[in-house]
Amino acid sequence: MKIAVCVKQVPSDNKSLMDKKSGTLIRNGETSVINPYDLFAVEMALRIRERVGGEVFAFTMGAGSAKKVLIDSVAMGVDGGYLVSDLAFAGADVFATAKTLSEAITFVGGFDLVICGRQTTDGDTGEVAIALATHMNICGLPFVNEVVEIDEKNITASCDFGKHNAITKCPLPAVISVDKDCGLPRIPSLRGKLSAKKAVFPVISLDDLFDKNNNNYGLSGSKTSVLRIYNTVFETSNNIIKEGGLEFLKGKFESVKKGDL
């Protein structure tokens, strides 16, 4: 089985700045890390490979610095990775990001399963996996916390929808997004770290894709935009209890105890 796992480089803290003109995040590769939710996606891909055999390849979209998350993925045990990078891809929203990843995965070809983390810590939309499935015109399963069964034709998974779980079966190829309950990500081994240092990651650019219309990517291909960024302000005030106020509050408290209110 050939598995693609999507990973993303995100800011290591919540102090990242936004470009007020474009409404996009100003990224600093030096202070970025692999999206924590994607670690669970990598772990799920590796567990499936251990069950049924095959290969796992990581895909990440971003600038050259994003190669760091591919190195982290190989250190965990994936077989290789691809850096999807082109200036035409910059500033993409969920729709355009999914479009780009779908084209890149299709370009490499032969994948039976695509796995994404539930969400990212910088965008928090949780929509890329299903948008990816839509672009690829294949089945998509969100919030997977367990793969019950999987073979060369179908996948059966438990999907966590909050108040209940749904056991769902769908044909392969498919896209799934995994939740943190699917299992703790493994710690990279020394052998994995050494392999990651030697790994070579092919770069996929716009020229490699089947759809080469740059209006379908990046800011041009995005369906949404950020209009305004602001910090939440919490206002507090001091209320002075005047004479007699304590007796009034005490009376209310006693009434609640007696069930009068």
- prompt: Is one or more of the residues making up region 148-159 under 28 Å from Lys223 (Cβ atoms) and in contact (Cβ under 8 Å) with a residue 40 or more places away in the chain?
  reply: no
task: Pick out the one residue from Asn238, Asn214, Asn231 that is modelled with pLDDT of 70 or more, of a type outside the set (A, V, I, L, M, F, W, C) and farther than 28 Å from Asp79 by Cα.
output: Asn214
- request: Just need a number here: residues in region 46-95 that are assigned to a helix (DSSP H, G or I) and either over 14 Å from the mean Cα position of the chain (by Cα) or of a type in the set (Ser, Thr, Tyr) (or both).
  value: 22
- prompt: (1) surrounded by 10 or more Cβ atoms within 10 Å (Cβ to Cβ); (2) within 22 Å of Ala96 (Cβ to Cβ); (3) not aromatic (Phe, Trp, Tyr): which one isn't true of Asp207, the others all being true?
  reply: (1)
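Per-residue answers, yes or no, for (1) touching a residue at least 60 places away in the same chain (Cβ under 8 Å); (2) out of contact with any Asp or Glu (no Cβ under 7 Å at 6 or more places or on another chain):
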site: Val144; (1), (2): yes, no
site: Ile167; (1), (2): no, yes
site: Val175; (1), (2): yes, yes
site: Gly192; (1), (2): yes, yes
query: Which one is surrounded by the fewest Cβ atoms within 10 Å (Cβ to Cβ) among residues in region 106-124 that are within 9 Å of the chain's Cα centre (by Cα) and hydroxyl-bearing (Ser, Thr, Tyr)?
result: Thr121
query: Does region 11-38 hold any residues that are modelled with pLDDT of 90 or more and either among the aromatic types (Phe, Trp, Tyr) or crowded, with 21+ Cβ neighbours inside 10 Å (or both), and which are they?
result: Ile34, Asn35, Tyr37, Asp38
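The values are calculated or read from the model by the stated rules, or taken from the named source; none is laboratory data. Not measured: the values here are computed from a predicted model. Cβ sites come from the backbone with ideal geometry, for glycine too, and all protein chains shown count toward neighbours.
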